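Shown next, in structure tokens, is the structure this report addresses.
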Amino acid sequence: MRTLITLFLALSLSASAQVKHGPRVGLSLATISAGGVFNWSGLPKPGPILGWSIEVPWTAQASFLIEPMYITKGSLTQNAQLRTFTSVRLGYLELPVMFKISTDTVPGGFFLTGGLMAGWWMNGRQVVRQDGNVLFESSYTLQGTTNRSQVSMGLGFGWDRPRSRFEVRYQTSITPFSTVLRGQNVVAGLHYTYLLPAAQRTSSKDQ
């Protein structure tokens, strides 16, 4: 976690005049797999994504994305015999550091991303419903561990626009969040970033 924060500060300071940044929002569709990396199981659990995206250029077609955010993970499972749905919501503070490569030197267009995320579990909720009625509801607790940190890896693709960016990202934890369940948090995320105008570049042209 400290390494990613140090990298974030170093990249931001080294290219502060060239960075693109803005608010990032999205929708997460999550599940808890049975220990398999990128292995989906159960129904998708929807939730919000809120954060900030900072793009630090490296070359004409490559850059780094540093994106502190709050993301919801968890699972939604159904027991057809008992007619129950079990919903688990897990809230994480996450710091993705992604490598972004554009497919063209011309600004905008299609791009690919890949990288790592450092996560910190904040809160959680578990609800069991039967025929629409709540049978059980309580705060979620990590089982068998007090370690709230989590490391994930992700792959994505998207489209750049002059003032926005849209990305589809698939990520999975590579460290289990529970020593009892040995499960992996898997998330398919739909991300939208609004890029703020570059005030410094605009003012320099006007002078």
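The values are calculated or read from the model by the stated rules, or taken from the named source; none is laboratory data. Note that the structure is a prediction, hence the values are computed from the model and not measured. Using ideal geometry, Cβ is built from the backbone for each residue, glycine included, and neighbour counts are taken over all protein chains shown. Each accessible area value is taken on the protein alone, full model and side chains, heavy atoms only, with ligands, DNA and RNA left out. Shrake-Rupley method; radii C 1.70, N 1.55, O 1.52, S 1.80 Å.
Under 8 Å for C-alpha pairs, at least 6 residues apart: give me the relative contact order for segment 63-120, rounded to a whole percent. Present the calculation step by step, with values, prior to reporting the outcome.
Working: 102 pairs, mean separation 19.7, N = 58.
In percent, rounded to a whole number, it is 34.
How long are the three semi-axes of the equivalent ellipsoid of segment 60-201, in whole Å, if each is the root of 5 times an eigenvalue of the C-alpha gyration tensor, listed from largest down? The partial results should precede the final answer.
Values: eigenvalues 252, 58, 37 Å².
Taking √(5λ) for each eigenvalue gives 36, 17, 14 Å, largest first.
Heavy atoms only, probe 1.4 Å: what % of the accessible area of segment 28-78 goes to carbon and sulfur, would you let me know?
67
Roughly what would the spin-label model give for Arg125 and Arg148, points 7 Å off Cα along C-beta, in nm?
1.8
With a cap of 14 neighbouring Cβ atoms within 10 Å, and only residues DSSP puts in a loop, list the trypsin sites (Lys or Arg not before Pro) found in segment 36-126.
Arg83
For the ranges 189-198, 102-111, what's the packing order if you count other beta-carbon atoms within 10 Å of each residue, average per peptide, and put the highest first?
Highest mean packing first, the order is 189-198, 102-111.
Sticking with the crude label model, points 7 Å out along Cα→Cβ, report the distance from Val106 to Tyr170 in nm, one decimal please.
Here the modelled spin labels are 2.9 nm apart.
Over segment 47-95, calculate the relative contact order: mean separation of alpha carbon pairs under 8 Å at least 6 apart, over the residue count, as a percent.
It comes to 33 percent, rounded to a whole number.
Using 7 Å Cα-to-Cβ label points, what is the Leu82/Phe99 separation (nm, one decimal)?
4.6
Once the Cα gyration tensor of segment 21-122 is diagonalised, what are the square roots of 5 times its eigenvalues, in whole Å and ordered largest first, as equivalent ellipsoid semi-axes?
Those come to 33, 15, 12 Å.
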